[in-house]
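Undergrad: Pasting in a structure now, in structure tokens, and then I'll have a few things to ask.
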Amino acid sequence: MLIKRCSLFISLLLTVLLITVSATAQTPSYQNFPAPSGLAADAGEPSIGVDWKTGKVMYQAILETDRVTFSNTNPATATWQDATAINPPVVTLDPILFTDPSTGRTFVSELAGVCSLSAFSDDDGVSFTPSMGCGVPAGVDHQTIGGGPFAASVVPVLPPPAGYQHAVYYCSQAVVDASCALSIDGGVSYGPAVPIYTLLNCGGLHGHIKVGPDGAAYVPNKDCNGNVSVIVSRDNGTTWTIRRIPGSASGDSDPSVGVGSDNTVYVGWHGANGHPMAAASHDHGATWTNIKDIGTAAGIQNTAFPAAVAGDGSRAAVAFLGTTTGGDAQDAAHFTGVWHLYVAHTYDSGANWTLVDATPSDPVQRGSICLGGTTCGNDRNLLDFIDASVDKQGRV
């Protein structure tokens, strides 16, 4: 997992964290792998992906893409290399990276107005192929790219090219609505964007799209008529259905979704009371079970930036920034909490969670974290999200 770490709001440093799970106690432990001097120096809104074919970890923030190679030694070492996709760099907005783990294709996107500058790589960033960047019409904010198998019950309008077997989605929001466009040629081009909700149903901002093994696509939203929700398509993005989590209410962070190998869906969110929350669904979000506060073991009172991943159907992890200090965590003048990166893990479909402080001796943030977007002041240094992924061996 890659997170952006900030000490006293000033210096930014990126860290890779590896999870090791004991076969008996199942208590994960983490190692930190800082980027070397000269790489990842500006770490706004990091995204991470893992190529399961090669084991390479791909990372994106601001204008820089990096490739991280881990050794097979114990303890492991990490080698960072610049693999920037868009050269020379162009001043753009939101950076997003997505790696389809089974195909190994990595997509890099930089928001540029109502579309994105985008490219993809099949060799872990050694070379890139330009992409159309978005489907039309596209929104001006919160773009996200995701992909996975086509929905088995629905045949695409055109058969996908033999060279790339998965669907690719580009989603974004345009204040009054949000939309997603489907690519059937591996991200080279996209079809027309389809609205997935409007302000009559959900708030404008959404989280990052995830696609399950059966081709169902999920876009999380923190407020659909008062509830945390996933917007689901089971027909390759043709139609979308809002699936609400009953009784849930969110704070200002975007929720995050992870999908297990048996299509179990996990959602992690920033509760309205500040606490980190999670729930699971075994029927594409139609019903939800094990709605839990996953921060109780450490007494977490405020959280930000949940990032969910899943492996086997019964196993998932939700990373988040957390602090044991209560009160208004966005009060820049008075909030004095110290934030760490925590990761909660379940091995029984969300019935129980094991919580780990992944940065026990190195706080991620001190003081307030503003989640008000462009209305924030100096305490928006962490911007809007962190990210999490899992490798072929199940390490987060």
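Undergrad: What are the residues whose amide H is under 5 Å from the amide H of Ile231, where those residues sit 5 or more places off or on another chain and H is modelled from the backbone?
TA: Val219, Asn221, Arg243
Undergrad: Then there's this: Share of the chain's accessible area from carbon and sulfur, percent, 1.4 Å?
TA: Here carbon and sulfur together make up 56 percent of the probe-accessible area.
Undergrad: Straight distance only, please: which lysines reach the Cα of Lys392 with their own Cα at less than 20 Å, same-chain residues fewer than 8 apart left out?
TA: Partners within reach: Lys53, Lys56, Lys210.
Undergrad: If I model a spin label as a point 7 Å beyond the Cα along the Cα-Cβ vector, how far apart are those points for Asp362 and Asp328 in nm?
TA: Here the answer is 3.3 nm between the modelled labels.
Undergrad: Once a ≥ b ≥ c are taken as the square roots of the eigenvalues of the Cα gyration tensor of the chain, is the result rounded (a/c under 1.5), prolate (a/b larger than b/c) or oblate (a/b not larger than b/c)? Display every interim value, and only then the final one.
TA: Details: a/c = 1.28, a/b = 1.15, b/c = 1.11.
Note, shape of the chain comes out rounded.
Undergrad: Run the reach check for Lys292 against aspartates and glutamates, Cα to Cα strictly under 19 Å, same-chain hits fewer than 8 apart removed. What comes back?
TA: Asp223, Asp252, Asp254, Asp283, Asp348, Asp357
Undergrad: Something else now. Taking amide hydrogens as modeled 1.01 Å from N in the peptide plane, which residues meet the under 5 Å criterion relative to Ala85, leaving out close sequence neighbours?
TA: Thr65
Undergrad: With θ set to phi - 60°, apply the Karplus curve 6.51 cos²θ - 1.76 cosθ + 1.60 along segment 120-126 and write out the HN-Hα couplings as whole Hz, x wherever there is a Gly or Pro.
TA: My calculation for segment 120-126 gives 9, 9, 10, 9, 6, x, 5 Hz in order.
Undergrad: Using θ = phi - 60° and the Karplus relation 6.51 cos²θ - 1.76 cosθ + 1.60, list the HN-Hα couplings for segment 248-264 in order, rounded to whole Hz, with x at every Gly or Pro.
TA: Values, residue by residue: 7, 8, 10, x, 8, 6, 6, x, 9, 10, x, 10, x, 5, 9, 6, 5 Hz.
Undergrad: Quick check: pseudo-label points 7 Å beyond the Cα along Cα→Cβ at Thr287 and Thr79, how many nm apart are they?
TA: 5.2 nm
Undergrad: Starting from the Cα of Leu39, step 7 Å along the direction of its Cβ; do the same at Cys376; then give the gap between the two resulting points in nm.
TA: Output for this residue pair reads 2.6 nm.
Undergrad: May I ask you to evaluate 6.51 cos²θ - 1.76 cosθ + 1.60, the Karplus curve with θ = phi - 60°, for each residue of segment 350-361 and list the ³J(HN,Hα) values in order in whole Hz, giving x for glycine and proline?
TA: For segment 350-361, the Karplus-derived couplings read x, 5, 9, 10, 9, 9, 10, 7, 7, 10, x, 10 Hz, x marking Gly and Pro.
Undergrad: Hey, another quick one. Measuring with a 1.4 Å probe in the full set of protein chains, what accessible area per residue, in whole Å², belongs to the chain? Could the numbers behind the result be given before it?
TA: Details: 15240 Å² over 396 residues.
In whole numbers, the chain has 38 Å² accessible per residue.
Undergrad: Classify segment 191-290 as rounded, prolate or oblate, taking a ≥ b ≥ c as the square roots of the eigenvalues of its Cα gyration tensor: rounded when a/c is under 1.5, otherwise prolate if a/b is larger than b/c and oblate if not. Walk me through the intermediate numbers first.
TA: Values: a/c = 1.89, a/b = 1.19, b/c = 1.59.
Oblate, since a/c reaches 1.5 and b/c is not below a/b.
Undergrad: Let me ask you something else. Between Val176 and Thr238, how high is the FRET efficiency from 1/(1 + (r/R0)^6) when r is the Cβ-Cβ distance and R₀ = 22 Å? Nearest 0.05. Before the final figure, lay out the partial values.
TA: Values: r = 21 Å, r/R0 = 0.97.
About 0.55, to the nearest 0.05.
The values are calculated or read from the model by the stated rules, or taken from the named source; none is laboratory data. Not measured: the values here are computed from a predicted model. Glycine gets a Cβ as well: all are built from the backbone with ideal geometry, and neighbour counts include every protein chain shown. When the accessible area is computed, the model is the full protein with side chains, heavy atoms only, and any ligands, DNA or RNA have been set aside. Shrake-Rupley method; radii C 1.70, N 1.55, O 1.52, S 1.80 Å.
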